[in-house]
Amino acid sequence: MKKIFLNIKGKTDPKEIHEQIAMEFEFPNHYGKNLDALFDCLSTISTPTAVVAIIDPENEYHQKLKTVMDDAQEENIKFGVFWLN
């Protein structure tokens, strides 16, 4: 099982957030670095992957990211995310 620790608390720039996500998840270079591309990548992960993610619950973009990752978790049984604030 692949384990990822994702800490984006304090980050507000979506581009910077997606660059960190791409690095942590080892997404391919063609990853679109947006929420739709994130859902596509996470919902098709074939290696069991567990993520512990730290976000800022007051940040609007972090909440959108959380929604996308939760939706991907529902779509793909090989992907799981646990949230910390």
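The values are calculated or read from the model by the stated rules, or taken from the named source; none is laboratory data. This is a predicted model, so every value here is computed, not measured. Quick reminder, even Gly has a Cβ in these numbers, built from the backbone with ideal geometry, and neighbours come from all protein chains shown. The area values use the complete protein model at the heavy-atom level, side chains included, leaving out ligands, DNA and RNA. Shrake-Rupley method; radii C 1.70, N 1.55, O 1.52, S 1.80 Å.
In region 28-54, what residues are touching a helix residue (DSSP H, G or I) at 6+ places or on another chain (Cβ under 6 Å) and farther than 17 Å from Gln73 by Cα? So that I can check it myself, show each step before the final result.
Start the filter on region 28-54 by keeping residues that are touching a helix residue (DSSP H, G or I) at 6+ places or on another chain (Cβ under 6 Å), which leaves 31, 33, 35, 38-39, 42-43.
Of everything in region 28-54, those that are touching a helix residue (DSSP H, G or I) at 6+ places or on another chain (Cβ under 6 Å) and farther than 17 Å from Gln73 by Cα turn out to be Tyr31, Lys33.
If you scan region 44-71, which residues turn out to be among the β-branched types (Val, Ile, Thr), more than 19 Å from Lys2 (Cβ to Cβ) and open to solvent by 50 Å² or more (accessible area, probe 1.4 Å)? If the condition is that a residue be among the β-branched types (Val, Ile, Thr), more than 19 Å from Lys2 (Cβ to Cβ) and open to solvent by 50 Å² or more (accessible area, probe 1.4 Å), then Thr67 is the only one that fits.
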